[in-house]
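**Q** Once you've had a glance at the structure underneath, I'll fire off some questions.
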Amino acid sequence: PVVPTPPTVTVTSFRTTLFAPDVVRLQAKIVVHNNMNGPLDYDHVDYGLSLFDTSLVSKSFADMKTTRANGNETVTFPFEIPMKEVLAQKIAILAEGGMQFTFHSIVYPSQSSTLGPVETQRTVTAPLPNVPLVDFRGTRGLPLSREFRILLAVKNTNDFPMAVNAVESYLVINGQRYSLLHSVSNEGG
């Protein structure tokens with residue numbers, strides 16, 4: 001006979017995947033292990049994300065599959081938080097020197113299993129992003145010609161991807177300011 005045994009839920013990954021001027025993306029993964037000697041169905045998973053003690057996201061996910069005896073199911077939860085919601089916590093962020101995100105989930109086995117919900121959570125602290133380094137790489141062509149180029153490198157010094165929307169640059173020659181019109185973006189750093 002199948003012995004009703006609660007599943008084990010483990011947060012295997014919770015990290016920042018992108019830091020941009022307008023949005024922060026995070027991703028959490030849980031593994032639900034069926035400890036029973038028979039298959040287990042689930043009703044849903046309630047999950048959410050908090051910044052310090054302020055809830056940012058609270059949702060449900062109902063598409064879990066039946067897990068075979070002693071089997072696993074991995075569920076990935078992506079989050080996209082507008083930067084204005086993060087900046088609403090600026091006093092706590094500055095006091096802590098980073099952003100303390102907490103992922104939490106409650107897995108509800110099917111009612112027919114007679115098992116209760118299983119809770120789990122994980123907290124990560126995302127450091128305040130460093131300002132990118134800008135490095136002069138040289139020039140090409142003659143000043144004030146159509147072929148004149150100034151080469152700059154923008155380097156991300158963070159441990160996570162960071163988006164740079166634009167680099168505003170100009171050149172001053174003999175007191176006259178000239179906007180630089182051409183820029184090349186190399187994403188992925």
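**Q** Given the condition surrounded by fewer than 15 Cβ atoms within 10 Å (Cβ to Cβ), closer than 26 Å to N156 by Cβ and not hydroxyl-bearing (S, T, Y), answer yes or no: does some residue in segment 31-44 qualify?
**A** Scanning segment 31-44 turns up no residue that is surrounded by fewer than 15 Cβ atoms within 10 Å (Cβ to Cβ), closer than 26 Å to N156 by Cβ and not hydroxyl-bearing (S, T, Y).
**Q** Could you grab me the full set of residues in segment 100-124 that are in a strand (DSSP E or B) and exposed (fewer than 13 other Cβ atoms within 10 Å of the Cβ)?
**A** E119 - this is the single residue of segment 100-124 that is in a strand (DSSP E or B) and exposed (fewer than 13 other Cβ atoms within 10 Å of the Cβ).
**Q** Okay, next question. Looking for whichever is touching a Pro at 6+ places or on another chain (Cβ under 6 Å) and among the aromatic types (F, W, Y) here; the options are F14, F19. Which one fits?
**A** After applying the criteria, what remains is F19.
**Q** For segment 133-153, indicate whether the set of residues that are surrounded by 15 or more Cβ atoms within 10 Å (Cβ to Cβ), under 18 Å from the mean Cα position of the chain (by Cα) and more than 16 Å from Q27 (Cα to Cα) is non-empty.
**A** no
**Q** So, in segment 85-119, how many residues would count as being closer than 30 Å to V2 by Cβ and of a type outside the set (A, V, I, L, M)?
**A** The qualifying residues number 12.
**Q** Touching a residue at least 24 places away in the same chain (Cβ under 8 Å), closer than 25 Å to V24 by Cα, in contact with a Phe, Trp or Tyr (Cβ under 8 Å, 6 or more places away or on another chain) and surrounded by 14 or more Cβ atoms within 10 Å (Cβ to Cβ): does that describe Y47?
**A** Here the answer is yes, as Y47 does meet what is asked.
**Q** I need the full set of residues from segment 52-101 which are among the acidic types (D, E), over 23 Å from H33 (Cα atoms) and modelled with pLDDT of 90 or more, in order please.
**A** Once the filter is applied, which keeps residues that are among the acidic types (D, E), over 23 Å from H33 (Cα atoms) and modelled with pLDDT of 90 or more, segment 52-101 yields E80, E85.
**Q** Working only within segment 5-62, note down all residues that are under 19 Å from L87 (Cα atoms), in a strand (DSSP E or B) and of a type in the set (A, V, I, L, M).
**A** If the condition is that a residue be under 19 Å from L87 (Cα atoms), in a strand (DSSP E or B) and of a type in the set (A, V, I, L, M), then L18, V23, V24, L26, L49, L51, L56, V57 are the ones that fit.
Rundown of residues vs (1) closer than 23 Å to T16 by Cα; (2) among the aliphatic types (A, V, I, L, M), yes/no style:
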residue	(1), (2)
H33	no, no
P39	no, no
K65	no, no
E85	yes, no
P109	no, no
L115	no, yes
T123	yes, no
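**Q** Give segment 63-73 a look and list any residue that's at positive phi and part of a strand (DSSP E or B), or say none.
**A** none
**Q** Within the set of pairs 6+ apart or on separate chains, which have a first residue in segment 127-155 that is of a type in the set (S, T, N, Q), a second that is not in a strand (DSSP E or B), and C-beta atoms under 6 Å apart?
**A** If the second residue must be not in a strand (DSSP E or B), the pairs left are N130/T157; N130/N158.
**Q** Could you please let me know if T10 is surrounded by fewer than 16 Cβ atoms within 10 Å (Cβ to Cβ), out of contact with any helix residue (DSSP H, G or I) (no Cβ under 9 Å at 6 or more places or on another chain) and modelled with pLDDT under 95?
**A** no
The values are calculated or read from the model by the stated rules, or taken from the named source; none is laboratory data. Here the structure is a predicted model, which means the values were calculated and not measured. When we count neighbours, we look across all protein chains shown, and the Cβ atoms used for this are built from the backbone with ideal geometry, even at glycine.
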